[in-house]
Amino acid sequence: MLVLGIETSCDETALALVDGGVKVLGTQVASSLQLHQRYGGVVPEIASRAHTELITCELEVLLDSAKITPSQIDRIAVTYGPGLSGSLLVGIAAAKALGFAWGRQMVGVNHLQAHLYAALMENPGWPLDAPMIGLVISGGHTAVIEMQGIYRYAVLGQTRDDAVGEAFDKVAKLLGLGFPGGPEIERAAIAGNPKAYRFRVPRIRNGSAYDFSLSGMKTAVLYKIQEMEKKGNFTKDISFVADMSASFQSAIVEEVVDKTVKACQSKKIARLLVGGGVVANSLLRRRLGEVCGGLGIELAVPRLSLCTDNGAMVAGLGHHLKPVPLNFLTAVPDLRVEMN
Ligand code: KG4
Ligand code: ZN
C-alpha cells in the first residue's frame, strides 16, 4: 500500500510517499524556520501562512521527483495533533481536499506516536505488537513511554517544566546562539570541554522516577552568564560558549539516557525506541548505543532525516491505522501520546 503522509504540526511543511509502511519513495520538507529566526521561536500565524503557501507546490515536487501519479496513491495520512492548531488545520484541510478529489481514504496520525514509529522504520523486523519502551524528545515534548507495540501507550514519565528540545533552545538563546538551539549547541560543543561546568540534576519529589525537570539547568546557565557579564562581554568569549555548550549537552544527555534505561530495566523490557528532533544529537545517539549495548537492550534509532519533523513517519504509521471518514477529522492541538 502506498501512503502519502502530510505533516504540518509546527514549522515544517513535510510530505512523503511510503510504501508498505517502511519504504520511503520520496520525501519533501520545507521549513519556515528562517521567517521565525528573528523572533527566537516559532510564531504560529507565520507558520500556518507558510504552510498554506508551500503545501501545493511541495506536493507537486514530491510527485514529480518520485515519479508517482495520484492514481498510484492508496491512502492519505495526516498529523492531527499535537501541535499548533492553525498549522495542523492546513495539513488536515489539504488531506481532506486530496481525499475528496482523488476518492481516497484518510488516516489521522498522532505526531508523537509517529516520532516513535520512525525508529521502527529502521528495524522492520521488530514485531509491531511487542512490549517496548519509547522515548520522545522534541521541542515540545519529553516522555518516557511503555508501549504495547504501536497500539497502546502509557506514559511512565514526562517533563515537569521544559521539554528537552526547549531546554536546548533556551540555553542556546542565553548563549547568543541561533534558533533552533539543539544543532547550534551541538556545533559549539565540539570545541568545548564537557567537564568544564557541573550541573546538578534535581531530585524529583512526589512524582514518577522517570519525570524530568530541566529548567534548573537553564537557570544555572543564566547565573553563570550573569557572573561572566560582570567581568565583560561573555558572548565574545568563544571558549566559554563552547565549554558551557559541551557541559550542558553532556549533562542533559546523561540525564535522558539514565532515566530511559532505568525504565527499560525496571519494566524488564529490552527494546527501546527513540524519536523526536533531539535524537538527531550525535552525543545522545552515541551514548544510547553504548549504554544499551552494555546492558543488552535492543535500540532502534531513526535515521537523521526522520528525527526532526517529516512526512515519512506519518505515512509509515498511517499504513497501520484505521481510516476515518473524511469530514470527521479535526485538529487536536493538545493530543496526548496515548490518544488515538
Ligand atoms: O521533533 P522536532 O523537529 O519538532 C517538534 O516536534 O518539536 O524537534 C525540534 C527540536 C528543537 O527543540 C531542536 O532544538 C531540537 O529538536 N534539535 C536538537 C538537535 N536537532 C534538533 N537538539 C539537540 N541536538 C540536535 N542536533
Ligand atoms: Zn516533532
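Each reported figure results from applying straightforward, stated rules to the coordinates on display, with no laboratory input. This is a predicted model, so every value here is computed, not measured. All Cβ positions, even for glycine, are placed from backbone atoms using ideal geometry, and neighbour counts span all protein chains on display.
The table below lists the values:
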read-out	value
Which listed residue is over 29 Å from Gly296 (Cα atoms) and crowded, with 16+ Cβ neighbours inside 10 Å, from Ala251, Ala246, Ala242	Ala242
Single match in Gly125, Gly108, Gly83 (criterion: away from ligand 1 (no atom under 16 Å from the Cβ) and in a loop (DSSP other than H, G, I, E, B))	Gly125
Among the residues listed as Gly176, Gly181, Gly149, the single one being away from ligand 1 (no atom under 12 Å from the Cβ) and closer than 29 Å to Thr219 by Cβ	Gly176
The lone exception for Ile46 - which of (1) on the phi < 0 side of the Ramachandran plot; (2) buried (at least 21 other Cβ atoms within 10 Å of the Cβ) it fails	(2)
Residue list for the range 195-251, restricted to those being over 28 Å from Leu156 (Cβ atoms) and assigned to a loop (DSSP other than H, G, I, E, B)	Lys195, Ala196, Tyr197, Gly232, Asn233, Asp237
The range 16-48, residues that are away from ligand 1 (no atom under 15 Å from the Cβ), more than 15 Å from Gly83 (Cα to Cα) and either touching a residue at least 60 places away in the same chain (Cβ under 8 Å) or of a type in the set (D, E, K, R) (or both)	Leu17, Val18, Asp19, Gly20, Gly21, Val22, Lys23, Val24, Gln28, Arg38
Members of the range 156-178 found to be surrounded by fewer than 18 Cβ atoms within 10 Å (Cβ to Cβ) and not in a helix (DSSP H, G or I), listed by number	Arg160, Asp161, Gly176, Gly178
Filter pass, Ala143 being within 14 Å of ligand 1 (Cβ to nearest atom), touching a residue at least 24 places away in the same chain (Cβ under 8 Å) and over 24 Å from Leu84 (Cβ atoms)	no
